[in-house]
Amino acid sequence: QVQLVESGGRLVQAGGSLRLSCAASGRSFSSSTIAWFRQAPGKEREFVAGISNTGGSTYYADSVKGRFTISRDNAKNTLYLQMNSLKPEDTAVYYCAATGGSGLYTDGLRYPYWGQGTQVTVSS
């Protein structure tokens with residue numbers, strides 16, 4: 001079983017930057033695709049970015065492409081999301097999730113392991 005804990009969320013001004021971290025426990029981390037999802041107030045959960053087990057493949061939602069960068073450090077069992085040029089519409093609770101496998105998916109139903117989320121608020 002994979003345990004995930006997000007951190008780094010806070011209030012930031014529009015145009016600013018923020019880096020989120022997701023600490024994972026469990027021996028399967030290095031074999032798992034890991035992804036970031038977010039849920040904004042009044043909206044459904046959406047895929048943000050995903051990264052393959054080795055870090056060789058990444059995929060981004062159109063809304064964040066060019067602004068966000070996903071990365072992982074398997075030696076530290078940690079996932080990161082570097083967020084630049086933040087916009088008020090990026091305000092959401094951000095979750096990390098793991099598949100337990102090597103495939104890259106945008107559907108949250110393919111991710112059985114989830115963290116509890118970290119709040120990101122971008123002010124105008």
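Side notes on the structure shown:
- Considering residues of segment 1-54 that are touching an Asp or Glu at 6+ places or on another chain (Cβ under 8 Å) and aromatic (Phe, Trp, Tyr) only, the residue nearest to residue 116 (Cα to Cα): 37
- Within segment 46-69, the residues that satisfy the criterion of being within 17 Å of residue 86 (Cα to Cα) and either among the aliphatic types (A, V, I, L, M) or touching a residue at least 60 places away in the same chain (Cβ under 8 Å) (or both) are 47, 48, 49, 61, 64.
- Among the residues of segment 1-15, those identified as closer than 20 Å to residue 75 by Cβ and either at pLDDT 95 or above or not in a loop (DSSP other than H, G, I, E, B) (or both) are 3, 4, 5, 6, 7, 8.
- Of all residues in segment 104-124 being loosely packed, with under 15 Cβ neighbours inside 10 Å and under 18 Å from residue 26 (Cβ atoms), the one that is modelled with the highest pLDDT: 116
- Residue list for segment 70-93, filter: surrounded by fewer than 16 Cβ atoms within 10 Å (Cβ to Cβ) and either within 21 Å of residue 54 (Cα to Cα) or without any contact (Cβ under 8 Å) to a residue 24 or more places away in the chain (or both): 71, 73, 75, 76, 82
- Residue check for residue 40: free of Cβ contacts under 8 Å to residues at least 40 places away in the same chain and open to solvent by less than 30 Å² (accessible area, probe 1.4 Å): no
- Of everything in segment 49-67 that is touching a helix residue (DSSP H, G or I) at 6+ places or on another chain (Cβ under 9 Å) and of a type in the set (S, T, N, Q), the residue that is farthest from residue 21 (Cα to Cα) is 63.
- Subset of segment 1-38 (residues that are of a type in the set (Val, Ile, Thr) and in contact with a Phe, Trp or Tyr (Cβ under 6 Å, 6 or more places away or on another chain)): 2
The values are calculated or read from the model by the stated rules, or taken from the named source; none is laboratory data. Bear in mind that the values here come from a model prediction, so they are computed numbers and not experimental data. Please note: Cβ atoms are built from the backbone with ideal geometry, for glycine as well, and neighbour counts cover all protein chains shown. The area values use the complete protein model at the heavy-atom level, side chains included, leaving out ligands, DNA and RNA. Shrake-Rupley method; radii C 1.70, N 1.55, O 1.52, S 1.80 Å.
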